[in-house]
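Worksheet: the structure to be examined is printed underneath.
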Amino acid sequence: MRPAALVTLVLIAACSSATALSTAATTAAQTVVETLPASTSVGASTLPCPRPDFAPVHLPDRVGGEAPAPQSVDVDRWTAQPGTSLAIWTDQSGLPVAALVRGALPPERWSASPSVVAVRGVDAALGPLSDGMWAVAWFEGPDRCDDYTLYLYPPTSEEEARRIALSIPG
C-alpha cells in the first residue's frame, strides 16, 4: 500500500462511542486489557482480538514500577474501543505512558499531517492527536484484528514516538 493511501485511511478512521467492559491479565511492567461491548449479545465482529504477541523493545524512560492491578486500569477514549485488546505501560504512580491497541485505528483525526514510518515491515502513520498525544497506526492485513495503534501519552514528542515505533519487532 502506498504511504498516501495509508495516511488517508488512518485520517478517516473513526470509532464508535459504545461503552466497554474490561477484563485484564497482568504481566511484568504492563497490564493487558481486553474490551468487549457492554451488550449481552456479542457477534463475531465484536469479539476481542487476541492480545498483541509483540511489544516495543524501547519504551519511554518514565515507564516504571510494577504494573497496576487490572481493575485499577481506567480505559480512556484512546483505549476504550469495543473488540480490542491492548497492553498498557504506566509510570510509578500508575498513570498511562504508552498503550498498544490491537483491533482499531485512532478514534480521531490527526491534529497535523502524519509522517510515514516503517513498523513491522509495513508503512505506518505517525502523528500528533489532540491533548499532546502521539500515535503510530498501521494495519497488517484485511481483518479488523490486523489494525494496530501505539499511543504515547504526554509528555512525549515526535522523536520519542518514532524511536519507540521503530523498536517494535517485525
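The values are calculated or read from the model by the stated rules, or taken from the named source; none is laboratory data. Since this is a predicted model, take the numbers as computed values, not measurements. Note that we place each Cβ from the backbone using ideal geometry, even for glycine, and neighbour counts take in every protein chain shown.
Tallying residues that are small (Gly, Ala, Ser) and buried (at least 24 other Cβ atoms within 10 Å of the Cβ) within segment 86-126 yields 6. Scanning segment 88-119 for residues that are closer than 19 Å to residue 169 by Cα and either without any contact (Cβ under 8 Å) to a residue 60 or more places away in the chain or among the aromatic types (Phe, Trp, Tyr) (or both) yields 88, 89, 99, 100, 101, 102, 103, 117, 118, 119.
Could you check, for segment 40-49, whether at least one of its residues is modelled with pLDDT under 70, surrounded by 15 or more Cβ atoms within 10 Å (Cβ to Cβ) and β-branched (Val, Ile, Thr)? Yes, segment 40-49 has at least one match. Of all residues in segment 64-79, those satisfying the criterion of being modelled with pLDDT of 65 or more and either surrounded by fewer than 18 Cβ atoms within 10 Å (Cβ to Cβ) or among the hydroxyl-bearing types (Ser, Thr, Tyr) (or both) are 64, 65, 66, 72, 74, 76, 77, 79. Could you go through segment 128-144 and let me know if any residue there is modelled with pLDDT of 95 or more, acidic (Asp, Glu), outside any loop (DSSP other than H, G, I, E, B) and touching a strand residue (DSSP E or B) at 6+ places or on another chain (Cβ under 7 Å). Looking through segment 128-144, none of the residues is modelled with pLDDT of 95 or more, acidic (Asp, Glu), outside any loop (DSSP other than H, G, I, E, B) and touching a strand residue (DSSP E or B) at 6+ places or on another chain (Cβ under 7 Å).
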